[in-house]
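The values are calculated or read from the model by the stated rules, or taken from the named source; none is laboratory data. The model shown is predicted, which means the values in this text are computed figures rather than measured ones. Cβ placement follows ideal geometry from the backbone for every residue including glycine, while neighbour counts extend to all protein chains displayed. Protein only, heavy atoms only, side chains kept; ligands, DNA and RNA dropped before computing areas. Shrake-Rupley method; radii C 1.70, N 1.55, O 1.52, S 1.80 Å.
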Amino acid sequence: MLRIANALETQLRGAMQRAFPEAWAEAGEAGLDPQLAPASKPEFGDFQANAALPLAKPLKQAPREIATAIVDQLHTDAAFTELCLEPQIAGPGFINLTIRPERLAAEVAFRLGDERLGVPPVKDAAPVVVDFSSPNIAKEMHVGHLRSTIIGDSLARVLEFRGYPVLRLNHVGDWGTQFGMLITHLKQVAPEALDTADAIDLGDLVAFYREAKKRFDDDEAFQITSREEVVKLQSGDPLSLKAWGLLCDQSRREFQKIYDRLDIRLRERGESFYNPLLQGVIEGLKHSGLLVTDDGAECVFLEGVIGKDGKPLPVIVQKSDGGFNYATTDLAAIRYRFAVAPEGDAARRVIYVTDSGQANHFAGVFQVAERAGWIPDGARLEHVPFGLVQGEDGKKLKTRAGDTVRLRDLLDEAVERAEADLRSRLHEEGRSEPDDFIQHVAGTVGLAAVKYADLSQNRITNYQFSFDRMLALQGNTAPYLLYALVRIAGIARKGGDLDVAADQLQFSEPQEWALVRELLKFDAVIAEVEEELLPNRLCSYLFELSQVFNRFYDQVPVLKADAAVLPSRLALCRLTADTLKAGLGLLGIATLERM
């Protein structure tokens, strides 16, 4: 009910200005805040204005007197009396506001004809960068990449829906020492991989990478050769670049199979993209007076961050051997993303979706970028941290052999379990369905279950991964929501889609009004996710909406309703289906007509 809330906000501010002109003038340009919020309980109406309590001390009046003065002024506003029923003053001075039924019905009618379901597009939206997924070349995507990939995708979808130009960036690890040691190792054990595409598969490449890492850690001579190989690569040696390109292409194709399966769109821009910009970072930090040479390394010492020795912690941007690191690359990326086109992306909001273990790294890098003056006024630089995926024992999710779970294997198992559950249910119901139907439903439900189980958790916390819980038809799960949509689709097939004008909508039952009010929360929930970057808020809303709908359908006749009210109830069903489908789409979850 954003439009209604905005109208109420304006009306309340006008009433407060008229009631307390001196206090309004003293408050400056912003005026007095009516502290409008959704009502805490349905019996209190739709909204509450809570300004009277904090105004009591500066106005030297009792809160109820202040509330009464505001309400008296609201009565003089014709727009307010058309919007709300009689305001009620409750407790020490809360003003409870209930929207007129005809205005709620008009809002339902508006959303029935609006493909955006009442969510207003942002005007003059500046570009937003969402940096997510970010696997490493020569490594397979594992369960640890799941959260960044689907959280980042969902946030990008919400921002795009609001109307922002979103640049979805995949900051893959495709540069640095790891390539020096891998190329050095492959020259000795599988040289064909360095000049022939797909000479070895990615699984073997991952094994070779592990071997190279062990040799790098244990063998000083191998370390030296590997670093020499990095220098060749960075200086543009043709053979090194060809080997690097083959390795990147092979990994990229494997990553894309996962992205296609999960319906993820990304633009790859790896660490190598920023390599030409790293020296500029050093020069820029020198120019701003932030760079300090410490034990041969170039650093920026952080403000307000103290190490165990009681001294400020440094962010190292150039190592004593002249090499660069992750911090240098991330600073180059920040600088480029905020820079005005064509020198950069001209973004005004940059969002990083990574695990919470990188919080300190980003806090340091963000501080350096801000002190260097690389973040424009009014721009936002945000880290979106998330916790670990754990097994049901509360420990980090691993295979029985103790290895990290490959993302491909996890998705395969989800679909296999969804298919087994579906076949069992069809057998119990005595239904026979063709195999392509079973495969489609199982694939949709399995992947939806994995995505929703993750997104429905507060991303900041760890969560325990359970196939049984996420595939359940009851509770806050994807199958429950998909089944609610299937149920509504069945109603629509039987009842038809009857057009109904705004003035023909008739709602009289409490369950109808409860559903109306829940449906009208959608725009505010989307705005909340856009601001707070918490997809679980959208999941909670969709679950609550499906529960409110089920109570409505169980207690109010729809298909057997009288002809006078049938169109109105079918309209509620249709708007519920549209809202659930839109919400699930913003989570990256496909829907079904039957299951």
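Taking a ≥ b ≥ c as the square roots of the eigenvalues of the Cα gyration tensor of segment 204-269, is the shape rounded (a/c under 1.5), prolate (a/b larger than b/c) or oblate?
Values: a/c = 3.15, a/b = 1.69, b/c = 1.86.
Oblate, since a/c reaches 1.5 and b/c is not below a/b.
Just the number, please: carbon plus sulfur as a percent of the accessible area of the chain, 1.4 Å probe, no ligands or DNA/RNA counted. Don't skip to the answer; put the middle values down first.
On the way: 13940 of 27620 Å².
Solvent-exposed carbon and sulfur of the chain make up 50 percent of the total.
If you keep only loop residues by DSSP, which GluC sites (Glu not before Pro) in segment 1-110 have at most 15 other Cβ atoms within 10 Å of their Cβ?
Details: sites: Glu9, Glu22, Glu26, Glu29, Glu43, Glu65, Glu82, Glu102, Glu107; in loops: Glu29.
Qualifying residues, ordered by number: Glu29.
Sum up the charges of everything whose Cβ sits under 14 Å from the Cβ of Glu220, counting Lys and Arg as +1 and Asp and Glu as -1, but leave Glu220 out. The partial results should precede the final answer.
Values: positive: Lys214, Arg215, Arg227; negative: Asp217, Asp218, Asp219, Glu228.
So the environment of Glu220 carries a net charge of -1.
Compute the separation of the alpha-carbon centres of segment 543-585 and segment 403-464 and state it in Å as a whole number.
The two parts, judged by their Cα centres, are 26 Å apart.
To the nearest 10 Å², what's Asp201's accessible area with a 1.4 Å probe?
Solvent-accessible area, nearest 10 Å²: 90 Å².
Considering only the other residues whose Cβ falls under 11 Å of the Cβ of Phe301, what net charge follows from Lys and Arg at +1 and Asp and Glu at -1?
Charge balance in the 11 Å sphere: 0.
When the Cα atoms of segment 1-98 are enclosed in a convex hull and the volume is divided per residue, what value in Å³ results? List each step's numbers first, then the result.
Details: hull volume 8.6 nm³, N = 98.
Roughly 88 Å³ of hull volume per residue.
How many times 2.2 N^0.38 Å is the alpha carbon radius of gyration of segment 339-392?
Details: Rg = 14.0 Å, N = 54, 2.2 N^0.38 = 10.0 Å.
After normalising by residue count via 2.2 N^0.38 Å, the value is 1.40.
Treating the angle as unsigned and between 0 and 90°, give the value, to the nearest 10°, between the Cα long axis of helix 326-338 and the longest Cα principal axis of the chain.
Helix 326-338 and the main axis of the chain meet at about 50 degrees.
Using DSSP, restrict attention to beta bridges with both residues in the chain and report what percent are antiparallel, rounded to the nearest 5.
On the way: 21 of 41 bridges.
Here the antiparallel bridges make up roughly 50 percent for the chain.
Please compute the modelled spin-label separation between Val122 and Gln35, points set 7 Å along Cα→Cβ, answer in nm with one decimal.
Each label point is offset 7 Å from its Cα along the Cβ direction, giving 3.0 nm.
Amide H neighbours of Gln464 under 5 Å, at least 5 residues apart or on other chains, H built in the peptide plane: list them.
When sequence neighbours closer than 5 places are left aside, the close amide H contacts are Gln390.
Percentage of Cα-Cα pair distances in segment 508-570 greater than 16 Å, rounded to whole percent? Walk me through the intermediate numbers first.
Values: 997 of 1953 pairs.
Pairs farther apart than 16 Å: 51 percent.
Would you mind working out the accessible area per residue for segment 115-166, using a 1.4 Å probe, and quoting it in Å²? It would help to have the intermediate numbers written out before the result.
On the way: 1610 Å² over 52 residues.
Accessible area per residue: 31 Å².
Mind running the shape call on segment 243-336? Use the C-alpha gyration tensor, a ≥ b ≥ c as the square roots of the eigenvalues: rounded below 1.5 for a/c, prolate if a/b tops b/c, oblate otherwise. Provide the component values of the computation, followed by the final result.
Working: a/c = 2.62, a/b = 2.13, b/c = 1.23.
Judged from the Cα gyration tensor, segment 243-336 comes out prolate (a/c at least 1.5, a/b above b/c).
Could you work out the relative contact order of the chain? I mean the mean sequence separation of Cα pairs under 8 Å and 6+ apart, divided by the number of residues, in percent. Can you show the working numbers first?
Working: 888 pairs, mean separation 82.0, N = 595.
Computed value for the chain: 14 percent relative contact order.
Compute the distribution of all C-alpha to C-alpha distances in segment 452-500, in bins of 5 Å from 0, and list the percent of pairs in each, rounded to whole numbers.
5, 19, 20, 16, 12, 10, 9, 6, 4, 1
In degrees between 0 and 90, to the nearest 10, how far off the longest principal axis of the chain does helix 177-189 point, with axes built from Cα atoms?
The helix 177-189 is inclined about 50 degrees to the chain.
What is the set of long-range amide H partners of Leu167 at a cut-off below 5 Å, with H atoms built 1.01 Å from backbone N?
Amide H neighbours of Leu167, under 5 Å, 5+ apart: Val128, Val129, Val130.
Go through segment 375-386 residue by residue and turn each phi into a ³J(HN,Hα) via Karplus (6.51, -1.76, 1.60, θ = phi - 60°); whole Hz please, and just put x for glycine and proline.
Computed from phi, the couplings for segment 375-386 are 9, x, 4, x, 7, 10, 10, 10, 9, 10, x, 9 Hz.
Go through segment 554-559 residue by residue and turn each phi into a ³J(HN,Hα) via Karplus (6.51, -1.76, 1.60, θ = phi - 60°); whole Hz please, and just put x for glycine and proline.
Values per residue, Gly and Pro as x: 6, 10, 10, x, 10, 5 Hz.
Among Ser540, Ile526, Val558, pick out the residue whose Cα is farthest towards the positive end of the charge dipole of segment 476-564, where Lys and Arg carry +1 and Asp and Glu carry -1 on C-beta, about the Cα centre.
Result: Val558, furthest along the dipole toward the positive end.
With the other protein chains left in place, how much accessible area per residue, in square angstrom, belongs to segment 320-463 at a 1.4 angstrom probe? Mind showing how you got there, number by number?
Values: 6920 Å² over 144 residues.
For segment 320-463, the solvent-accessible area averages 48 Å² per residue.
Taking Cα extents along the principal axes in Å as the quantity of interest, determine which of (1) 73, 53, 48; (2) 83, 73, 44; (3) 84, 62, 48 was computed from the displayed structure.
(2)
Taking H placed 1.01 Å from N in the peptide plane, check which residues at least 5 places from Val317 or on another chain put their amide H under 5 Å from its amide H.
Under 5 Å from the amide H of Val317: Glu298, Cys299, Val300.
Among residues other than Ala105 whose Cβ falls under 12 Å from its Cβ, what is the net charge (Lys/Arg +1, Asp/Glu -1)? Don't skip to the end; give the middle numbers.
Details: positive: Arg100, Arg103, Arg111, Arg517; negative: Glu102, Glu107, Asp503, Glu512.
Computed value for this residue: 0.
Taking Cα pairs under 8 Å and at least six residues apart, what relative contact order does segment 455-595 come out at, in percent?
Numbers: 134 pairs, mean separation 54.1, N = 141.
Contact order relative to length: 38 percent.
Averaged over every viewing direction, what's the projected area of the C-alpha convex hull for segment 101-240? Give it in nm², one decimal, please. Could the numbers behind the result be given before it?
Numbers: hull surface 54.0 nm².
The Cα convex hull of segment 101-240, projected and averaged over all directions, gives 13.5 nm².
Quick check for you: with a 1.4 Å probe and neighbouring chains kept, what is the accessible area per residue of segment 471-595, in Å²? Write out the running numbers ahead of the final one.
Values: 5040 Å² over 125 residues.
Per-residue value: 40 Å².
Quick one: angle between helix 478-495 and the longest Cα principal axis of the chain, in degrees between 0 and 90, rounded to 10, please.
Helix 478-495 and the main axis of the chain meet at about 50 degrees.
What ³J(HN,Hα) values, in whole Hz, does the Karplus curve 6.51 cos²θ - 1.76 cosθ + 1.60 give for segment 161-175 when θ = phi - 60°, with x put for Gly and Pro?
Once θ is set to phi - 60°, the couplings for segment 161-175 become 4, 6, x, 7, x, 10, 9, 8, 10, 10, 7, 6, x, 10, 7 Hz.
In square angstrom, rounded to the nearest 10, how much accessible surface does Lys521 have for a 1.4 Å probe?
Accessible area, nearest 10 Å²: 90 Å².
Tell me whether segment 479-595 comes out rounded, prolate or oblate; compute the Cα gyration tensor, take square roots of the eigenvalues as a ≥ b ≥ c, and use a/c under 1.5 as the rounded threshold. Please report the intermediate quantities before stating the final value.
Details: a/c = 2.09, a/b = 1.53, b/c = 1.37.
Judged from the Cα gyration tensor, segment 479-595 comes out prolate (a/c at least 1.5, a/b above b/c).
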